[in-house]
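A.B. asks: Following this message is one structure expressed as structure tokens.
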Amino acid sequence: MKKFNIAKSRRLRSTPYSSRIESQGVTAYTIYNHMLLPAAFGSLEDLYHHLKEHVQIWDVAAERQVEISGPDSYKLVQLMTCRDLSKSKIGRCYYCPIIDDNGGMINDPVILKLKEDKWWISIADSDVILFAKGLAIGNKLNVKITEPNVNILAVQGPKSFKLMEKIFGKKITEMKFFGFDYFEFAGDKHLIARSGWSKQGGYEIYVEHTKSGLQLYDKLFDEGKEFNVKPGCPNLIERIESGLLSYGNDIDNEDNPYECGLDKYVNVNSDINFLGKDKLIQYNKNGIKKKLMGVKIESDSISITETIEIYDNNENHIGELRSGVYSPHFNKVIGIAMLKKPNWDTGTKIKININGKSVNGTVCDLPFI
Ligand code: THG
């Protein structure tokens, strides 16, 4: 495949960390929320093994915050998500499907409750701010909607706990999964959550103060030497093995949360008011016609830039592969596929064409590990 450079511009926003990761050897970028998101630092497989054993610092500033504040802020946030936030607590993060009036996925962010009347929606790659503004205007809600200058640094990997403890003290290791709190560094308070787009454990630092944030960036690398710290980025192998979904790749506006396997985050039986509730009640009652599943494929390489059609043994079209990668753990290609009813049962045999060759595969549950 021919390689191209990304032509940078104001529109494809850089992050406060761009110059640092460029001197540290970033080798590929993708674009996410109109911003640079590092996609590789050399070998994907080397960084996969490193992530599972040590600690990495990720520039994930492209996970932008949509800030919703004001008297009607809860009303608006709840209007956008099918997850019941009526009993949500300040200092907690919530993984929430955002859906439209048809129940179609708009985004799958992490929502942080900062105050009773102040929320951050930490978005995946779609323009949630425009959707939020349209809803606020149409429903005459008394809210303020902005994109604050927050640039997340993720600290991921099993040694992230030791590294963060060294800098912030024991208290940070006592934080529960998806909790957040404020920790001081270089005279500023930084919001730090126990979260991140890997299943290897770690934290996300929501940097609001760029100057001390950059000092913290350097400190993480200095103090991290003894833990073999490296710069990294969301890892395609690790995130597929862990079943972490990627909006725009695995799921989009044509899919509802049930089809995406996000049933856990749908509360149709509570009395909350959200867009698309009637539609989700229908899907819940009548069932769905397609479902996101894992697939294991007998191949040692794959590169996905568009969906790849999936067939059964009789050449009937049964679905499409949306993400895929070679997994050293399974010694084959693993992927995330949308499969039509009734072909989504685990163990179902599939056929798929990779690099001009028909290969066999099997349907399995998500996550893989
Ligand atoms: N962190 C922050 N913002 C983000 C992401 C993130 N915005 C974009 C993108 N990632 C949003 N998508 C996801 C997908 C999965 C998870 C988080 C964000 C996730 N899921 C856990 C799981 O599936 O096991 C936990 C969900 C739960 O049980 O609450 O972590 O990574 N700030």
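Nothing in this text is a laboratory measurement; each read-out follows from the coordinates by a stated rule. Please read all numbers here as calculations on a predicted model, not as lab measurements. Backbone-built Cβ (ideal geometry, glycine too); neighbour counts: all protein chains shown.
A.B. asks: For the chain, what does the helix formula give at 222 nm: sum of -39500 (n - 2.57) over DSSP H segments with n ≥ 4, over the residue count, nearest 500 deg cm²/dmol?
C.D. replies: Working: 8 runs with 74 residues, N = 369.
Helix-only estimate at 222 nm: -5500 deg cm²/dmol.
A.B. asks: Relative to the compact globular guide of 2.2 N^0.38 Å, what is the alpha carbon radius of gyration of the chain, as a ratio?
C.D. replies: 1.00
A.B. asks: When only C-alpha pairs under 8 Å and at least 6 residues apart count, what is the relative contact order of region 224-369, in percent?
C.D. replies: The normalised contact order for region 224-369 reaches 27 percent.
A.B. asks: Related question: List the aspartates and glutamates whose Cα lies under 16 Å from the Cα of Lys296, skipping any in the same chain that are fewer than 8 positions away.
C.D. replies: Glu238, Glu241, Asp250, Glu309, Asp312, Glu320, Asp345, Asp365
A.B. asks: Place the peptides 105-112, 58-65, 249-256 in order of packing, highest mean first, counting for every residue the other Cβ atoms within 10 Å and averaging per peptide.
C.D. replies: Result, highest mean first: 58-65, 105-112, 249-256.
A.B. asks: Local charge sum around Asn149 (other residues, Cβ-Cβ under 14 Å, Lys/Arg +1, Asp/Glu -1)?
C.D. replies: Summing Lys/Arg as +1 and Asp/Glu as -1 gives -2.
A.B. asks: Can you give me the relative contact order of the chain as a percent, contacts being Cα pairs under 8 Å and 6 or more apart?
C.D. replies: Normalised by residue count, the contact order of the chain is 17 percent.
A.B. asks: Turning to a different aspect of this structure: Within a Cβ distance under 14 Å of Glu298, other residues only, what is the Lys/Arg minus Asp/Glu net charge? Could the numbers behind the result be given before it?
C.D. replies: Details: positive: Lys296, Lys332, Lys349, Lys351, Lys357; negative: Asp300.
So the environment of Glu298 carries a net charge of +4.
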